[in-house]
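This report concerns only the one structure given below.
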Amino acid sequence: MTSKADPKFIERLRAIEAATRARSEAITEHGRRASEKLAARTQEHLQAMRKHAAEVNKRRAEHLQQQEQEDPTAKNQWLQRREATDTTFDFGDSEEGEQYTASQPPVAAAPAVPTLPPAVEMPQHEQPSSTPPPRREKRQPTHFDDDDFSNNSWMQ
């Protein structure tokens, strides 16, 4: 390969390239060492956390066992039951209602059907005609889908 470049320039370029490679290798090695240190520290922290969790669980179990030994009713499930709530519905007269009906006369119930207000006459031009309005033809849907049940007329 014939080149017309100055030999000093080529030497300088090779020196810069070698320095750059050496710096790149040093950075790569530094990154690898930092990753290894970080991985080792992470493993140490993980082991310490597991050891601490085991100690906490052991202390908690000992504490619960001590509470059970101190509490005389700990094994008595009858004393640990929930408070019962009244979940029944009250249909008909209750005992209180029977007491009132015996001492007081029954009260008349309100009429079951409400009374309607008097009819208001409509003006002459708004009164309905005696002939019914003409029926509209059924429109067929423009798009019929067998799976769309809202468009199907099941009464035909």
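Structure values in brief
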| read-out | value |
| --- | --- |
| Dipole magnitude of region 1-72, debye to nearest 20 (Cβ charges: Lys/Arg +1, Asp/Glu -1, about Cα centre) | 720 |
| Positive minus negative residues near Ala5 (Lys, Arg vs Asp, Glu; Cβ under 15 Å) | +1 |
| Neighbour cut-off at most 13 other Cβ (10 Å), DSSP loop, trypsin sites (Lys or Arg not before Pro), region 1-56 | Lys4 |
| Packing-based exposure ordering (other Cβ within 10 Å, fewest first) of Glu62, Glu83 | Glu83, Glu62 |
| Rotationally averaged projected area of region 1-72 (alpha carbon convex hull; nm²) | 7.3 |
| Listed residue (Ala54, Ala19, Pro7) projecting farthest to the positive dipole end of region 1-72, Cβ model | Pro7 |
| Label-point gap, in nm, between Ala53 and Ile16 - each point 7 angstrom along Cα→Cβ | 5.5 |
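Read the figures in this text as sums done on the coordinates, not as results from a lab. All values derive from a computational prediction rather than experimental measurement. Quick reminder, even Gly has a Cβ in these numbers, built from the backbone with ideal geometry, and neighbours come from all protein chains shown.
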